[in-house]
Amino acid sequence: MSTVARGLVGGLVLQALLTGCARGPVLSESAQQLKADTRSVLGDGAKRLGAPHAAPVVLTDATRPCRNGQAQQIFRGQISLRRGGSTSVTLDHAADVTLEMIRERGYRLERPPTAGHRTFTMARELPEVRLTVRLRGGRQPLLVLDGITPCLPS
């Protein structure tokens, strides 16, 4: 290959790399990550934490318009939790297991649970997705999972 040909090929490769890197995130990438992660967490959560015969319930899975022609993906799902002694023990165990399941999918803890509230938020950067888990007591303890992407171009 001649020096001129190598230069042209090298220039084209460099331009392709720079163009690819300059392209920002798009909704389809974050939405795909959101769907995979929420379905995995709810599915595994139902197996590990769910009441007998409990299946994940998807309450919302939608694309919502934002300003400037952008959009974001939102998700909400839940599973009924299996009781394991007191409600406090059930919810603490669910928090520990869920934190670990989400961490294993590449998320970092952004807002930890507090003593009085078993709600926490975890986030990942690429593609950007934020998951919030709310654990509720009562007659039938629940794990509610909310997921959201930022407003992104379609």
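The values are calculated or read from the model by the stated rules, or taken from the named source; none is laboratory data. Nothing here was measured: the structure is a model prediction, and the numbers come from that model. Every residue, glycine among them, receives a Cβ derived from its backbone with ideal geometry; neighbour counts consider all protein chains shown. Note: accessible area is taken over every heavy atom of the protein model, side chains too, but ligands, DNA and RNA are not part of it. Shrake-Rupley method; radii C 1.70, N 1.55, O 1.52, S 1.80 Å.
Structure notes:
- Residues residue 103 and residue 140, FRET efficiency given R0 of 30 Å [Cβ-Cβ distance, rounded to 0.05]: 0.65
- Average accessible area per residue (Å²) across the range 65-154 - probe 1.4 Å, nucleic acids and ligands excluded: 53 Å²
- Taking the chain and dividing mean pair separation by its residue count, relative contact order in percent (alpha carbons under 8 Å, at least six apart): 27 percent
- Rounded tilt (10° steps) of 87-103 against the dominant C-alpha axis of the chain: 10 degrees
- Against the chain, whose longest principal axis comes from its Cα atoms, helix 27-49 is set at around 30 degrees.
- Taking the 1.4 Å solvent-accessible surface of the range 12-154 as the whole, the part contributed by carbon and sulfur is 55%.
- Convex hull volume per residue, computed on the Cα atoms of the chain, equals 142 Å³.
- The angle separating the long axis of helix 3-22 from the principal Cα axis of greatest extent in the chain is about 30 degrees.
- Projected label distance in nm at residue 154 and residue 28, using a 7 Å step from Cα toward the beta-carbon: 1.2 nm
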